[in-house]
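*Asks:* The structure that follows is given in the form of structure tokens.
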Amino acid sequence: MRLQDAGTLLVETYSTVNERIASRVDPVVLIVGVVAGTVTYLNVRRVLRRSDQPVLKRLSGWLFRQARWLPFVERRISKELQKTRRGIEQSIHQYDKEKVFIRELPDGAKSMEEILELADKYESMNTFDVDNGRVSGAVYTDRLDDHLELLTKVFNKYAYSNPLHPDVFPGCRKMEAEVIRMVSNLYHGGSESCGTVQLPFFATVLTPSSDDQRRYRVHNARLPRLP
């Protein structure tokens, strides 16, 4: 088939389809249908690509979230949450007999004796025999006196240092680099391996960020922003 014949066939096919549609469907209805279909397709496509979870699992999650607004379901969930909250509070504060907390900054400065007295009071809440190995997975070294003395002296030297400013605290940054290299060598890292010292603070930041990501995904947030 020559190119000219193919063009003629295409034009005839277009005219035939156009005449049949024009005789059966109103042009306005056709335009609205095409626009609505395109928008629906784009939204379905976006929803399918928004998560790696199967569609049925996400659908069941959506149905559960909608069912939570039903009064009897909401009461049941609230009851279970209250039970869980009481259990958490009991497990955390079971060794605190007073359950009196300092909620505001004091009007005046506390003396060293008052602060140490409060620290001793809080320490007396401990009931586990840590020094004799009566705990597991919580203390990772023997609490020897010479080790505590060493930690105290080193902390006294570097308590106010900031490794983010190596020009001001070059020794602190060097220690950080040496710790990273020693850990890298333990895992057989090569000369190009690198790392960073991560404090618990950053872990507490990353965990809520992951939770917020899931929360924004549930609520269909397209441009989420952390507070």
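Every number in this text was worked out from the coordinates using simple rules, so none of it is lab data. Computed from a prediction, not measured in an experiment: that's the story for all the values here. Every residue, glycine among them, receives a Cβ derived from its backbone with ideal geometry; neighbour counts consider all protein chains shown.
*Asks:* Which whole number of Å³ per residue matches the convex hull of the alpha-carbon atoms in segment 3-92?
*Replies:* Value for segment 3-92: 192 Å³ per residue.
*Asks:* Rounded if a/c is under 1.5, else prolate if a/b is larger than b/c, else oblate: which is segment 131-201, with a ≥ b ≥ c the root eigenvalues of its Cα gyration tensor?
*Replies:* oblate
*Asks:* Show me 8-14, 178-184 ranked by packing, highest mean number of other Cβ atoms within 10 Å first.
*Replies:* Peptide ranking by packing, descending: 178-184, 8-14.
*Asks:* Find the centroid of the Cα atoms in segment 64-82 and in segment 102-119, then give the distance between the two in whole Å.
*Replies:* Here the answer is 43 Å between Cα centres.
*Asks:* Work out the charge dipole of segment 1-140 with +1 on the Cβ of Lys and Arg and -1 on the Cβ of Asp and Glu about the Cα centre, then indicate which of Val29, Trp62, Met125 is farthest towards its positive end.
*Replies:* Checked the options; the winner is Val29.
*Asks:* Which pairs in the list Lys99/Lys153; Lys99/Lys157; Lys83/Lys110; Lys121/Lys153; Lys97/Lys157 are over 28 Å apart, alpha-carbon to alpha-carbon?
*Replies:* As for pairs spanning more than 28 Å Cα to Cα, those are Lys99/Lys153; Lys99/Lys157; Lys83/Lys110; Lys97/Lys157.
*Asks:* Remind me, relative contact order of segment 20-175 in percent, using alpha carbon pairs under 8 angstrom and six or more residues apart?
*Replies:* 7 percent
*Asks:* Moving to a separate point now. What does the highest-first list of 136-144, 23-31 look like by mean Cβ count within 10 Å?
*Replies:* Answer by packing, highest mean first, reads 23-31, 136-144.
*Asks:* Would you order Cys194, Cys172 from fewest to most other beta-carbon atoms within 10 Å of each residue's own beta-carbon?
*Replies:* Least to most surrounded, the residues fall as Cys194, Cys172.
*Asks:* Say a paramagnetic label sat at a point 7 Å from the Cα of Val154, along Cα to Cβ; which residues of segment 167-185 have their backbone N under 17 Å from it?
*Replies:* 170-184
*Asks:* Report the FRET efficiency, 1/(1 + (r/R0)^6), for Arg65 and Ser91, where r is their Cβ-Cβ distance and R0 is 25 Å, rounded to 0.05.
*Replies:* According to the calculation, E is roughly 0.30.
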